[in-house]
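These notes are about the structure you will find just below.
The values are calculated or read from the model by the stated rules, or taken from the named source; none is laboratory data. Since the model is a prediction, treat every value here as computed from it, not as a measurement. Ideal geometry is used to build each Cβ from the backbone, glycine not excepted, and the neighbour counts take in all protein chains shown.
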Amino acid sequence: MGASMQVGLLVGRSDPARSKCARDGRLSLTLLALATVSLGVGAASGAAAQDLTYRPINPTFGGNPFNSSHLLGIANAQNDYRDPQSTTGSSQGDIFARQLQSRLLSAVSSQLVDAIFGDDPQERGTFSLGGQTINFVRDLENVTITITDDATGEITTIIVPLFVNVF
């Protein structure tokens, strides 16, 4: 307290003979005293702090799962790599061919569903389309659909339960 009073006395005295250096010295002493007093007041009051906790943003590392699509969008926007063998550019003919193929497969699947589950269900049947053969066999509990790729011989089997309740 004595130091701040002494500084106050130095600041209060005006002496025109003093040089600019002496006035700058008094100003810096005043600022030093002010800083010391404010640090003393701050130290006297209780210091408040909280624990630092790490919360990841990326859901891969335990972050919020709702951030995933946003982070993926940002990553894709920053990705400059393009696959040189990629054929992303589709001509109008390619788009038309894919749509036509999709419509034909949809029509075949509708015919297959009608043949199995329609008004007059069949016990067995065969469809052939574009290098694939589709066989179905219906029994009391299931319908077994076998799709065979004629070129490779790969076989895919799908079993669909009938869910028939007998009273």
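Of VAL108, VAL113, which residue is under 21 Å from PRO161 (Cβ atoms) and either part of a helix (DSSP H, G or I) or of a type in the set (Phe, Trp, Tyr) (or both)?
VAL113
Rundown of residues vs (1) under 30 Å from PRO59 (Cα atoms); (2) in contact (Cβ under 8 Å) with a residue 12 or more places away in the chain; (3) touching a helix residue (DSSP H, G or I) at 6+ places or on another chain (Cβ under 8 Å), yes/no style:
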{"position": "ALA77", "(1), (2), (3)": "yes, no, no"}
{"position": "GLN85", "(1), (2), (3)": "no, no, no"}
{"position": "ALA97", "(1), (2), (3)": "no, no, no"}
{"position": "GLU123", "(1), (2), (3)": "no, yes, no"}
{"position": "GLN132", "(1), (2), (3)": "no, yes, no"}
{"position": "ASN135", "(1), (2), (3)": "no, yes, no"}
{"position": "ILE147", "(1), (2), (3)": "no, yes, no"}
{"position": "ASP150", "(1), (2), (3)": "no, yes, no"}
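Applying the selection to the range 123-167, what residues are in a loop (DSSP other than H, G, I, E, B) and surrounded by 12 or more Cβ atoms within 10 Å (Cβ to Cβ)? I'd like the intermediate steps shown before the answer.
Applying the first criterion (in a loop (DSSP other than H, G, I, E, B)) to the range 123-167 yields 123, 130-131, 139-141, 150-154, 162-167.
LEU162 - this is the single residue of the range 123-167 that is in a loop (DSSP other than H, G, I, E, B) and surrounded by 12 or more Cβ atoms within 10 Å (Cβ to Cβ).
Return yes or no: is ARG103 in a helix (DSSP H, G or I) and surrounded by fewer than 12 Cβ atoms within 10 Å (Cβ to Cβ)?
For ARG103, the condition - in a helix (DSSP H, G or I) and surrounded by fewer than 12 Cβ atoms within 10 Å (Cβ to Cβ) - is met.
Does any residue of the range 153-164 turn out to be among the aromatic types (Phe, Trp, Tyr), within 42 Å of the chain's Cα centre (by Cα) and modelled with pLDDT under 90?
There is at least one residue in the range 153-164 that is among the aromatic types (Phe, Trp, Tyr), within 42 Å of the chain's Cα centre (by Cα) and modelled with pLDDT under 90.
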